[in-house]
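Every number here is computed from the coordinates shown, using simple stated rules; none is lab data. What you are looking at is a predicted structure, and each value in this text was computed from that prediction instead of being measured. When we count neighbours, we look across all protein chains shown, and the Cβ atoms used for this are built from the backbone with ideal geometry, even at glycine.
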Amino acid sequence: MTDNLIPTTPHELVIVRPLDQNPAAVYLAALRPTGQRSQRQALNVIAGLLTGGRQPDCLAMDWSPVRYQHTAAIRSQLVTHYKAATVNKFLCALRGVMKEAWRLGLITAEDYQRAADVKSVTGETIPAGRALTPGELGALIANCSSDTNPAGPRDCAVIALMYAAGLRREEVVNLDLENYDPTNGRLLVIGKRNKERTGYLNNGAAHALADWLAIRGSEPGPLFLAIHKGGKIQPQRMTPQAVYNLLAKRAELAGVRCFSPHDLRRTFVSDLLDAGADITTVAKMAGHASVTTTSRYDRRPEAAKQKAAGLLHVPYNGRRVIAEA
């Protein structure tokens with residue numbers, strides 16, 4: 001991309017507006033913390049492209065000169081460097097900033113409509129992540145159960161809830177004691193964009209949470225509390241990073257292959273569908289607005305393809321080594 005993509009002088013590209021007048025800042029402020037991080041990174045990439053690398057900071061760039069020819073050029077550049085899903089995430093952020101620029105009166109409605117009228121990129125990528133096996137889940141639970149530190153029952157309950165209710169790690173740490181009703185196992189979850197949904201804990205998941213609550217106590221507040229290395233429970237909420245760390249720790253101790261927190265959610269969806277649950281019901285349980293999203297969490301097709309590949313026979317009997325005379 002050329003340095004003069006936006007027809008203004010360099011100093012005009014880096015006008016620092018007050019944050020309440022910066023469309024990128026206003027757009028990011030409306031997102032959840034995890035969304036803010038990823039979309040700010042995307043906007044920083046776009047800012048660098050728009051300014052020829054002179055200003056790779058979306059909060060220090062003046063977005064008001066951006067027009068359709070620039071957003072179209074951005075799309076063209078992104079397509080050559082990123083996969084379709086990533087390009088569309090970047091374009092979503094760009095459209096969001098342009099909309100805020102219009103709302104703030106920095107561009108006209110017509111200029112906004114034109115700038116935002118860039119088509120998404122089509123393409124299909126292999127779904128990320130994996131589903132854990134029953135043996136891996138059992139190993140994780142067993143490792144937690146053998147830990148006499150209060151972190152053992154807590155971590156066991158966290159893993160049980162993430163699998164049994166398909167929770168994101170942000171949803172786990174935002175749970176309060178009042179969100180759980182032990183009489184019927186009902187769990188009130190606050191998901192993305194403050195959307196509420198209910199989950200239900202049965203058998204092992206309910207028992208694991210009961211054991212943790214026996215240690216935690218009945219005081220109001222966060223359902224899962226921080227625990228110091230010495231085993232002392234702290235009256236403060238866990239962080240999403242703490243959940244990430246405990247899963248990595250338990251995986252290493254249990255000899256389980258590395259997995260992400262979201263893989264427990266993928267396992268939740270795959271196992272429910274494999275057990276015969278209706279995909280519409282599973283979508284509601286996962287907090288998905290569309291069953292299309294839910295289907296991308298399903299890892300059963302990969303297992304089916306692996307099984308199908310085993311039906312083929314390649315007539316290879318091993319390498320024949322010819323001895324030299």
Ordered by number, the trypsin sites (Lys or Arg not before Pro) in region 222-309 that occupy a DSSP loop and have at most 16 other Cβ atoms within 10 Å are K229, K232, R257
Taking R67, R300 and counting other beta carbon atoms within 10 angstrom, the fewest-first order is R300, R67
Taking the alpha-carbon centre of each part, the distance from region 264-286 to region 195-249 in Å is 23
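What is the fewest-to-most order of L43, L213 by other Cβ atoms lying within 10 Å of their Cβ?
On the way: L43 26, L213 16.
With the sparsest Cβ surroundings first, the list reads L213, L43.
Please list, by residue number, every one of the trypsin sites (Lys or Arg not before Pro) in region 146-200 that is coil in DSSP and has at most 14 other beta-carbon atoms within 10 Å. Kindly include the intermediate steps, with their values, before the conclusion.
Values: sites: R154, R168, R169, R186, K192, R193, K195, R197; in loops: R168, K195.
Sites meeting the loop and neighbour criteria: K195.
In the neighborhood of Y244, defined by Cβ-to-Cβ distances under 14 Å, what is the net charge if each Lys or Arg adds +1 and each Asp or Glu adds -1?
+1
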Partner aspartates and glutamates whose C-alpha sits under 13 Å from that of K284, ignoring same-chain residues fewer than 8 away, are E196
Options [x] 26, 43, 27, 3, 0; [y] 34, 60, 6; [z] 29, 46, 23, 2 for P(r) over Cα pairs in 20 Å bins from 0, in percent; the value derived from the coordinates is listed as [x]
Under the 7 Å Cα-to-Cβ spin-label approximation, L104 and A309 lie apart by a distance in nanometres of 5.0
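Work out how much length E252 to H228 would gain on full extension: take 0.36 nm times their residue separation and subtract the Cα-Cα distance, in nm to one decimal. Don't skip to the answer; put the middle values down first.
Working: separation 24, 0.36 × 24 = 8.64 nm, distance 1.96 nm.
6.7 nm is the gain from fully extending E252 to H228.
Rounded to the nearest 500 deg cm²/dmol, what is the calculated helix-only ellipticity per residue at 222 nm for the chain, with -39500 (n - 2.57) per DSSP H run of length n ≥ 4?
Numbers: 15 runs with 168 residues, N = 325.
Calculated at 222 nm, the ellipticity per residue is -15500 deg cm²/dmol.
Express in nm, to one decimal, how much length is gained between D57 and N194 on full extension, taking 0.36 nm for each residue of separation and deducting their alpha carbon distance.
Net length gain for the segment: 46.4 nm.
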Taking r as the C-beta separation of T122 and K284 and R0 as 30 Å, the FRET efficiency to the nearest 0.05 is 0.60
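Calculate the FRET efficiency for D147 and V291 from the Cβ-Cβ distance with a Förster distance of 45 Å, rounded to the nearest 0.05. It would help to have the intermediate numbers written out before the result.
Numbers: r = 38 Å, r/R0 = 0.85.
With a Förster radius of 45 Å, E is 0.70.
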Distance in nm between Q69 and Q41 label points, each 7 Å along Cα→Cβ, equals 3.3
